[in-house]
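Below: the structure, in structure tokens.
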Amino acid sequence: MEVVIVPDAAAGGEIVAEAMARLVRRKPDAVLGVATGSTPLPVYEALATKVRSGAVDVSRARIAQLDEYVGLPADHPESYRSVLRREVLEPLGVAMDQFLGPDGTADDVQAACEAYDAALAAAGGVDLQLLGIGTDGHIGFNEPCSSLASRTRIKTLTEQTRVDNARFFDGDIEQVPHHVITQGIGTILEARHLVLLATGEGKADAVAASVEGPVASVCPASALQLHPHATVVVDEAAASKLKLADYFRHTYANKPDWQGI
Ligand code: PGA
């Protein structure tokens, strides 16, 4: 995989937004897989800036969701559908009928998961999937020891993840749902390009384990090592435990500009 070390979160956002813009210029109806959480926000801000300046038009792109809480009404402000409408679709000028996501309110959750995998396949698959990483190494909501071949399914959140996400629920862990639907690791690996973005020292251990550790389900993000086109974009703090940091810096600094990530 390629590791790109950037000075700060804004620089990471710009590199990823530029990769999305290049993709959409080449393929206007591309399927962009997006993630929630704090880390991707600079990407969406940088892409929205490009849209406003006329550098790219993403209005024909399709936006695919990575994961969703189970049981939160779709119009709850913290359902990921609501978060993505607010943070991604509206600023980018993408209509909700171009949004793909699982139904977290379905009575038959398993059927909703299977329907989502089928919808992604029918859309032609995800062209670029943006991923965050949990402090425990999760991608999507695939918590440690998720099968590396898993499909979209229901998962139970770890207490750590509920603690991490309580900040979106007035700091009240009791309001954080226990269950989620997440694209499986096998589903995620089907995207044509995986871009994992991590910023801050709190992610340094998880990044080092994912990039330089063995491929192991105990660190779900290590599955990116199995993907032919995976890019890990990290700021200096998140890169601080990488043994090969100087090698990654050298490689990226000497890469031809036209190649992008
Ligand atoms: P964060 O979440 O970007 O808010 O840290 C990342 C994740 O849990 O995947």
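The values are calculated or read from the model by the stated rules, or taken from the named source; none is laboratory data. Everything numeric here is computed off the predicted structure, so don't read it as measured data. Counting neighbours? That spans all protein chains shown, and the Cβs are built from the backbone with ideal geometry, glycine included. Accessible surface is based on the protein model in full, side chains and every heavy atom, while ligands, DNA and RNA are left aside. Shrake-Rupley method; radii C 1.70, N 1.55, O 1.52, S 1.80 Å.
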> Which percent of the accessible area of the chain is formed by carbon and sulfur heavy atoms (probe 1.4 angstrom)?
Replying inline: 54 percent
> How far apart, in nm, are two points set 7 Å out from the Cα along the Cα-to-Cβ line at Ala121 and at Ala149?
Replying inline: 1.6 nm
> Using the Karplus equation 6.51 cos²θ - 1.76 cosθ + 1.60 (θ = phi - 60°), what ³J(HN,Hα) coupling, rounded to whole Hz, does each residue of region 146-162 give in order, writing x for Gly and Pro?
Replying inline: 5, 4, 5, 9, 5, 9, 4, 6, 7, 10, 9, 6, 6, 4, 4, 5, 5
> Tell me which aspartates and glutamates have Cα within less than 16 Å of Lys50's Cα, excluding those fewer than 8 residues away on the same chain?
Replying inline: Glu14, Glu18, Glu87, Glu90
> Where Lys and Arg each count +1 and Asp and Glu each count -1, what net charge lies around Ile63 among other residues with Cβ under 13 Å from its Cβ?
Replying inline: 0
> What accessible area, in Å² to the nearest ten, does a 1.4 Å probe give for Glu236?
Replying inline: 80 Å²
> Over region 2-259, what is the relative contact order in whole percent, taking alpha-carbon pairs under 8 Å and six or more residues apart?
Replying inline: 23 percent
> Hey, what's the chain come to in accessible area per residue, 1.4 Å probe, Å²?
Replying inline: 42 Å²
>> Once R0 is set to 25 Å, what does the formula 1/(1 + (r/R0)^6) return for the Cβ-Cβ distance between Leu226 and Glu114, expressed as a FRET efficiency to the nearest 0.05?
In response: 0.60
> Amide H to amide H, which residues 5 or more places from Val232 or on other chains are under 5 Å from it, using H placed in the peptide plane?
Replying inline: Glu2, Val3, Val4, Leu196
>> With θ taken as phi - 60° and the coefficients 6.51, -1.76 and 1.60, list the Karplus ³J(HN,Hα) couplings across region 127-136 in order, rounded to whole Hz; mark glycine and proline as x.
In response: 7, 9, 10, 7, 10, x, 9, x, 4, 9
> Counting Lys +1, Arg +1, Asp -1, Glu -1, what net charge surrounds Gly202 among other residues with beta carbon under 14 Å of its beta carbon?
Replying inline: -3
> Which Cα, out of Val163, Val109, Ser38, lies furthest along the positive dipole direction of region 2-259 (beta carbon charges, K/R +1, D/E -1)?
Replying inline: Ser38
> Taking 0.36 nm per residue of separation and subtracting the Cα-Cα distance, what length does fully extending Thr135 through Gln259 add?
Replying inline: 41.6 nm
> Hey, how many Å between the Cα centroid of region 31-69 and the Cα centroid of region 106-146?
Replying inline: 17 Å
>> Need the full-extension length gain, Tyr252 to Val163, defined as separation in residues times 0.36 nm minus the C-alpha distance. One decimal, nm.
In response: 28.5 nm
> Taking K and R as +1 and D and E as -1, what net charge do the other residues with C-beta under 13 Å from the C-beta of Glu2 add up to?
Replying inline: +2
